[in-house]
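The values are calculated or read from the model by the stated rules, or taken from the named source; none is laboratory data. Since the model is a prediction, treat every value here as computed from it, not as a measurement. Here the Cβ positions follow ideal geometry from the backbone for every residue, glycine too, while neighbour counts run over all protein chains shown. Ligands, DNA and RNA are excluded from the accessible area calculation, which covers all protein heavy atoms including side chains. Shrake-Rupley method; radii C 1.70, N 1.55, O 1.52, S 1.80 Å.
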Amino acid sequence: MSKTRNTDNQFAFDLDGAIDAVKTPPTSPSKDTRLALDQTENVLELLDSWQQAGWIRPLDVRFARVIQDLSEEQGEAPQPLVLLLAALTSHQVGRGHVCVDLADLIADANSTLSLPTEEQENADSNLNGPEEVLARVSTEQCLDALGMALAVSDGSHTTPLVLSGTRLYLRRFWRYEQKIAAGILQRLAQPSTLTDPSSLAAKTLSNALNVLFKPQGSAGYSVDYQKLACALAARNRFAVITGGPGTGKTTTVVNLLAALQSVAGESAEREGRKYRIRLAAPTGKAAARLNESIGGAVSRLPLAQLPGQVSLADIPTKVTTLHRLLGSRPDTRKFRHNRDNPLLVDILVIDEASMVDLDMMASVFDALPANAQLILLGDKDQLASVDAGAVLGELCQRAPDGHYLPETVQWLKAITGTDIPASLQNSEGQPLDQAVAMLRKSYRFAEGSGIRQLAEAVNTNTLNDSMLQQARSAGFEDVVWLNGGTNKPSLEDAQVLICRHAVSGSPEAFHNNGEGRIDGNSQPLPPPVGYRHYLSLMQDHCLDSNSTTAKWDELARSVLQAFSDFQVLCALRRGPWGVEGLNELIADHLLKQRLIPRAEGWYAGRPVLITGNDYNLGLMNGDVGITFSLPWGTDDQNNDAQPQPVLRVAFPSSDGSGDIRWISPSRLQQLETVYAMTVHKSQGSEFNHTCLVLPDRLSPVLTRELVYTGITRARNWFSLITGDASVFSESVEQRVVRASGLASVLSR
């Protein structure tokens, strides 16, 4: 039997609006529901029971009912299996997946869906889980059912669900994936004036790179991967530069931009006109951090020696958020810049690209002119974006092995003078491989750094007993596992330890009490600190009403810098091991230590994290501020009146200028206290001392990527506190694998 397709776009509707419009009838599902997949009402009853148990979201159930209503409107009897798969696809999107792979779903439904979790299974043991429901269903049966449904297509016309091979998508996310793939492939196919090594452009690039990069003298690092990355990225309209912390991604991209401007300056075609370049990052915190680092890198460029008359004005140092770059519009996903109103840019650089979700990346491609160059920077091994997609991770799947074609190898040799290791060559490499470069040398951590060794072991899943014992016994200079000798401490003991550590930073727990270390400039490195450090600075430098604004700004800068010297990171948001519980506990402990005047509401010393973009105030998601009590009496217009203290929150300017913005707490809407923050929120940040807190049991969010990201937020000191010693190693065994088809589309 074949299904007929209505060509009048009966499914061309706003899916989000349709879902909101559907009313879910009240139900009281029975916990011992036994599903027959040939009965629509049984499927809907089961979905309601899963929702009631907290396994899936109300949105997932409503979406299944939307599919039911649309099918009935077209005179089609809704197929129970299609409704079930629709709800599960929606569920997967909520978990960060772009689609659901039906082959994986049928092979291992519970693991694929992470349903039920351990806690849910114990509470609802009478409920049929996905494994039982789909036990007698094959992938072929799923494909047959979807192939007969009017709500499903191959994407050639508008339907709420799209089936591509064995991958089932919500249409919106399929469109995002197609847009990104098309944008990448179109740029990879564009010819470059640099392809011929004998051309003026290629010779200019080579000369510029020789000025910007000095010969490598370190044993074992004869290959300058930064120089290779610049050459590869310069040749392609789309490029990715990935690398771990301290591998020099910022330095590399600054050199790349200088080299590209050299080529532009010597180009007869451009008549010496330099490229219009924009720099962006996904969050305000990431943008501010790049602002801080890129200015110094630009100031060190040997511009006078470069061909093409490159000046400081040609290399941008101002970084903006992607939302601001694209021109976000309130209460809508749409942006001011799109294909009809593209950005005025020749080269766009996006830092911390691992944090960019599928939706945002599609919007970037939509707003870029067809000939604009896009360069992505990021650590492929960090956590993926909070929302659906893991774009950078997919693009870098083959990066460790290079897969460079013979012609690419020959070109790189001609431009850089570097021989590419045989291990990175592959005569069957793909077009995308030729545009992806991986930086492999860390300049931040010394060879013996415990942070470096632990991060590499976690990333490669090579943790061993010797390394864990070193962490337990302060065998590393910069790493300590504070309760590693206790297999499963009591919750009360662990919370006391966390609070005490948060105050002092526990220098006594580190090797040699944290004394005797030097930094990369051979300067003494101060021992690790906790939150007493910034709070004491506030108390010891009390300014009065006669102090100038400049003095208060100077103090705020010092306090904000001191606050970044320590940060508690959590895997979870809720519960005694999560951000919400620990923020309360730490605040109470600081109050008992008389370091803050109160532990609730607004008070001097309260650190806050902005959790949503506020364009009116110029604050972005991820910005951190500290609350001060100011004696200025700024709210009183009577100059003769006695000045009254007022609370103001100090935020660093996001433009890298070092300016301070003082904002009234009453104007701040989306925020939370930030003695503890999630590892997800910490992305794009770096702290002198980081404490990672892991809970007393394994959960789906505890993954290798999360642990790696937590460790690599630490610049000089890292401490670990666990609710169960085994959870640390078990977390490393779990990986974030998000279902998507982007890599498959790009490899065709």
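When Leu312, Leu344, Leu358 are checked against the criterion of being touching a residue at least 12 places away in the same chain (Cβ under 8 Å), open to solvent by less than 20 Å² (accessible area, probe 1.4 Å) and not aromatic (Phe, Trp, Tyr), Leu358 stands alone in meeting it.
Across the stretch 345-383, the qualifying residues are those that are hydrophobic (A, V, I, L, M, F, W, C) and in contact with a Lys or Arg (Cβ under 6 Å, 6 or more places away or on another chain), and the one among them that is farthest from Leu256 (Cα to Cα) is Ala362.
Within the stretch 442-452, is even one residue at pLDDT below 85, assigned to a loop (DSSP other than H, G, I, E, B) and closer than 30 Å to Ala743 by Cα? Checked the stretch 442-452: at least one residue is at pLDDT below 85, assigned to a loop (DSSP other than H, G, I, E, B) and closer than 30 Å to Ala743 by Cα. Residues that are assigned to a loop (DSSP other than H, G, I, E, B) and basic (Lys, Arg) were ranked within the stretch 371-426; the one that is least open to solvent (accessible area, probe 1.4 Å) is Lys380. The residues in the stretch 277-289 that are open to solvent by 10 Å² or more (accessible area, probe 1.4 Å) and either within 18 Å of the chain's Cα centre (by Cα) or hydrophobic (A, V, I, L, M, F, W, C) (or both) can be counted, and the count is 6.
When you go through Arg398, Arg452, Arg440 one by one, which is the residue that is basic (Lys, Arg), more than 30 Å from Asp478 (Cα to Cα) and under 30 Å from the mean Cα position of the chain (by Cα)?
On inspection, the qualifying residue turns out to be Arg398.
Against the conditions (1) hydroxyl-bearing (Ser, Thr, Tyr); (2) open to solvent by 30 Å² or more (accessible area, probe 1.4 Å); (3) touching a residue at least 24 places away in the same chain (Cβ under 8 Å), Ser363 satisfies every one except (2).
All but one of (1) under 20 Å from Phe213 (Cβ atoms); (2) over 24 Å from the mean Cα position of the chain (by Cα); (3) modelled with pLDDT of 85 or more; (4) not β-branched (Val, Ile, Thr) hold for Gly296; state the number of the condition that does not hold. Of the numbered conditions (1) under 20 Å from Phe213 (Cβ atoms); (2) over 24 Å from the mean Cα position of the chain (by Cα); (3) modelled with pLDDT of 85 or more; (4) not β-branched (Val, Ile, Thr), the odd one out for Gly296 is (3).
Against the test of being free of Cβ contacts under 8 Å to residues at least 60 places away in the same chain and either out of contact with any Asp or Glu (no Cβ under 9 Å at 6 or more places or on another chain) or open to solvent by 30 Å² or more (accessible area, probe 1.4 Å) (or both), the options Arg735, Arg697 yield a single qualifying residue, Arg735.
When we screen Thr89, Thr159 for residues that are in contact with a Leu (Cβ under 9 Å, 6 or more places away or on another chain), within 19 Å of Leu44 (Cα to Cα), hydroxyl-bearing (Ser, Thr, Tyr) and buried (at least 22 other Cβ atoms within 10 Å of the Cβ), the only hit is Thr89. In the set Glu292, Glu271, only one residue is open to solvent by 80 Å² or more (accessible area, probe 1.4 Å) and within 22 Å of Leu617 (Cα to Cα); that residue is Glu292. Of the residues Leu647, Leu595, Leu543, the single one that is of a type in the set (A, V, I, L, M, F, W, C), touching a helix residue (DSSP H, G or I) at 6+ places or on another chain (Cβ under 6 Å) and modelled with pLDDT under 90 is Leu543.
For the stretch 186-217, taking the residues that are assigned to a helix (DSSP H, G or I) and out of contact with any helix residue (DSSP H, G or I) (no Cβ under 7 Å at 6 or more places or on another chain), the one that is surrounded by the fewest Cβ atoms within 10 Å (Cβ to Cβ) is identified as Gln186. Here Val254 does not qualify as within 24 Å of Thr321 (Cβ to Cβ), within 17 Å of the chain's Cα centre (by Cα) and buried (at least 24 other Cβ atoms within 10 Å of the Cβ). Look at Val137 and say whether it is farther than 30 Å from Arg339 by Cβ and either crowded, with 16+ Cβ neighbours inside 10 Å or of a type outside the set (Ser, Thr, Tyr) (or both). Taking the combined requirement at face value, the residue satisfies it.
So how many residues does the stretch 319-370 have that are polar (S, T, N, Q) and either assigned to a loop (DSSP other than H, G, I, E, B) or on the phi > 0 side of the Ramachandran plot (or both)?
1
Here the stretch 467-492 is the region considered, the condition is being part of a helix (DSSP H, G or I) and touching a residue at least 24 places away in the same chain (Cβ under 8 Å), and the residue that is surrounded by the most Cβ atoms within 10 Å (Cβ to Cβ) is Ala471.
Only residues that are open to solvent by less than 10 Å² (accessible area, probe 1.4 Å) and not in a loop (DSSP other than H, G, I, E, B) were counted in the stretch 674-683, giving 4. Comparison of Val568, Val579 shows that the only residue that is at pLDDT below 95, under 28 Å from the mean Cα position of the chain (by Cα) and on the phi < 0 side of the Ramachandran plot is Val579.
Quick grid of which residues meet (1) farther than 17 Å from Tyr531 by Cβ; (2) out of contact with any strand residue (DSSP E or B) (no Cβ under 7 Å at 6 or more places or on another chain); (3) touching a residue at least 24 places away in the same chain (Cβ under 8 Å); (4) in a helix (DSSP H, G or I):
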position: Ser666; (1), (2), (3), (4): yes, yes, no, yes
position: Glu672; (1), (2), (3), (4): no, no, yes, no
position: Ser685; (1), (2), (3), (4): no, yes, yes, no
position: His689; (1), (2), (3), (4): no, no, yes, no
position: Leu692; (1), (2), (3), (4): no, no, yes, no
position: Thr709; (1), (2), (3), (4): yes, yes, yes, yes
position: Ile721; (1), (2), (3), (4): no, no, yes, no
position: Phe728; (1), (2), (3), (4): yes, no, yes, yes
position: Ser731; (1), (2), (3), (4): yes, no, yes, yes
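Residues that are buried (at least 22 other Cβ atoms within 10 Å of the Cβ) and of a type in the set (Asp, Glu) occur in the stretch 705-718; there is at least one.
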